[in-house]
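Contents: one structure, followed by commentary.
The values are calculated or read from the model by the stated rules, or taken from the named source; none is laboratory data. Fair warning: this is a prediction, and the values are worked out from it, not measured in the lab. FYI the Cβ positions are ideal-geometry reconstructions off the backbone, even for glycines, and counts take in every protein chain you see. SASA here: full protein model, heavy atoms, side chains in, ligands and nucleic acids out. Shrake-Rupley method; radii C 1.70, N 1.55, O 1.52, S 1.80 Å.
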Amino acid sequence: WLGTRDLGLFYATPADIFNISRTLLERKINCLLPITKEELWIGTDDGVVRWDGAEVTTAGLSASLTNVQALTMIRDRDGNVWVGTNNGLIRVSPHGTVAFSRRDSVPVTALFEDREGNLWAGSSQGIERLRETVFVTYSASEGIPTENNGPVYVDGDNRVWFGPATGGLYWLRDGRVASAGFRDDVIYSITGDKTGLWIGRQKGGLTRLSYKDGSYKTETYTEAQGLAQNSVYAVNQNRDGSVWAGTLSGGASHFSGGKFRNYTTRDGLASNTIDAIVESADGTMWFATPNGLSALSNSHWQTFKVRDGLPSDRVNCLNQDPSGLL
């Protein structure tokens, strides 16, 4: 393949050279990038186009790749395509998601990936190295409605569900952010399984959200259905499919067989305020409260406090590791 300065694009075979520039609007070719055996990306002064094996087209390319001066291109080991332009660096993920970094509006004229996976970008002002960090931060620039967020849950389809502190429920996948509603309520907690989510809400009680093919179906349970309190701060789904809801000041509710059974300090809970709930491997239910750590096993309650070795009676969160350590 031959990209020329003024005459467009050619390809050469052992027998001849062929000009395929008749469908090219811009004849100045700056860079070429083979994607597959039949697909070639072409960087021009008027954006990126592609040869699909039969013709030059923009089909399958993001509109962000048009009207830019594409100076250099590279494909990294993860399948991302990096495009150095006259106004910064563009990354196109394998899913087609485009991220743009202006890099101080300096033209990026050279790109190279080293054996450690670092990307090097060359410009008239020097060389920069881009390294993948341990953390990737998502904020307003990626479509997150607010940078103050509450609970987070990752489902089996790699959707990241989260509830902003200002209200509503959203999910993030492959760089796309979408709303699932509840904008008039704050989401306190999220859990779930392959079929959907259980959501604890500030005012709206306990909601079951089922999702399929991008559509959502909700069913909400409140005090009218037997829930201890409509302000649900912690939710845990057990291995048997039943659900525990820990409320802000009304104790804990166990939802099983379509019915609620409620527990308070009168039953043995250390406090009616529940900060976290977890089911241990032996079936014991643990409840984090401001007044100690409570356990329910075989209908028997037990509470652990500072006198039992806790560093504080105020317990905020719980997790059991694979070895059974709480």
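Within segment 140-156, restricting attention to residues that are surrounded by 13 or more Cβ atoms within 10 Å (Cβ to Cβ), under 13 Å from LEU172 (Cα atoms) and of a type in the set (Val, Ile, Thr), which residue is farthest from the chain's Cα centre (by Cα)? The extreme case among them is ILE144.
Counting the residues of segment 60-95 that are surrounded by fewer than 20 Cβ atoms within 10 Å (Cβ to Cβ), in a loop (DSSP other than H, G, I, E, B) and over 27 Å from the mean Cα position of the chain (by Cα) gives 4. When ILE42, ILE29 are checked against the criterion of being touching a Phe, Trp or Tyr at 6+ places or on another chain (Cβ under 7 Å), of a type in the set (Val, Ile, Thr) and under 23 Å from GLY122 (Cβ atoms), a single residue qualifies: ILE42. Here are the criteria: (1) assigned to a loop (DSSP other than H, G, I, E, B); (2) open to solvent by less than 30 Å² (accessible area, probe 1.4 Å); (3) more than 25 Å from HIS254 (Cα to Cα). Tell me which single one GLU132 does not satisfy. Among (1) assigned to a loop (DSSP other than H, G, I, E, B); (2) open to solvent by less than 30 Å² (accessible area, probe 1.4 Å); (3) more than 25 Å from HIS254 (Cα to Cα), the lone unmet condition for GLU132 is (2).
Step by step: first the residues of segment 178-201, then only those that are in a strand (DSSP E or B) and open to solvent by 40 Å² or more (accessible area, probe 1.4 Å), then the one that is nearest to THR247 (Cα to Cα). Which residue is that?
Filtering segment 178-201 for residues in a strand (DSSP E or B) gives 178-179, 187-193, 196-201.
Imposing the further condition that a residue be open to solvent by 40 Å² or more (accessible area, probe 1.4 Å) reduces the set to 179, 188, 193.
Numbers: SER179: 25, TYR188: 10, ASP193: 21 Å.
Applying the filter and picking the extreme gives TYR188.
Within segment 202-216, the only residue that satisfies the criterion of being within 18 Å of ASP275 (Cβ to Cβ) and assigned to a strand (DSSP E or B) is LEU206. Every test in (1) in contact with a helix residue (DSSP H, G or I) (Cβ under 8 Å, 6 or more places away or on another chain); (2) among the small types (Gly, Ala, Ser); (3) surrounded by 15 or more Cβ atoms within 10 Å (Cβ to Cβ) is passed by SER312 save one, and that test is (3).
Assess whether TYR211 counts as being touching a strand residue (DSSP E or B) at 6+ places or on another chain (Cβ under 8 Å), crowded, with 18+ Cβ neighbours inside 10 Å and at pLDDT 95 or above. Give the derivation first.
Numbers: touching a strand residue (DSSP E or B) at 6+ places or on another chain (Cβ under 8 Å): yes; crowded, with 18+ Cβ neighbours inside 10 Å: yes; at pLDDT 95 or above: no.
So TYR211 does not fit the description; no.
How about segment 113-139: which of its residues are under 22 Å from the mean Cα position of the chain (by Cα) and under 18 Å from THR85 (Cβ atoms)? Full working, then the answer.
From segment 113-139, those under 22 Å from the mean Cα position of the chain (by Cα) are 130-139; that's our starting set.
If the condition is that a residue be under 22 Å from the mean Cα position of the chain (by Cα) and under 18 Å from THR85 (Cβ atoms), then LEU130 is the only one that fits.
Close Cβ contacts (under 6 Å, 6 or more residues apart or on different chains) running from residues in segment 37-48 that are touching a residue at least 40 places away in the same chain (Cβ under 8 Å) and within 16 Å of VAL92 (Cα to Cα) to residues that are open to solvent by less than 10 Å² (accessible area, probe 1.4 Å) and in a strand (DSSP E or B) comprise TRP41/VAL48; GLY43/ALA70. Which of (1) within 27 Å of ILE42 (Cα to Cα); (2) open to solvent by less than 80 Å² (accessible area, probe 1.4 Å); (3) within 22 Å of the chain's Cα centre (by Cα) is the odd one out, the single condition PHE100 does not satisfy? Condition not satisfied by PHE100: (2). Summed over segment 1-39, the residues that are part of a strand (DSSP E or B), surrounded by 16 or more Cβ atoms within 10 Å (Cβ to Cβ) and among the small types (Gly, Ala, Ser) give a count of 1. Restricting to segment 109-148, name every residue that is over 25 Å from ASP45 (Cα atoms) and of a type in the set (Asp, Glu). Result: ASP114, GLU116, GLU132, GLU142, GLU147.
Among the residues that make up segment 134-141, is at least one of them without any contact (Cβ under 8 Å) to a residue 24 or more places away in the chain and within 30 Å of THR36 (Cα to Cα)?
Yes.
Among the residues of segment 217-247 satisfying the criterion of being loosely packed, with under 14 Cβ neighbours inside 10 Å and assigned to a strand (DSSP E or B), which is modelled with the highest pLDDT? Among residues in segment 217-247 that are loosely packed, with under 14 Cβ neighbours inside 10 Å and assigned to a strand (DSSP E or B), the one modelled with the highest pLDDT is GLU219. LEU325 meets the conditions (1) touching a residue at least 40 places away in the same chain (Cβ under 8 Å); (2) aliphatic (A, V, I, L, M); (3) over 23 Å from ASN230 (Cα atoms) in every case but one. The failed one is (1).
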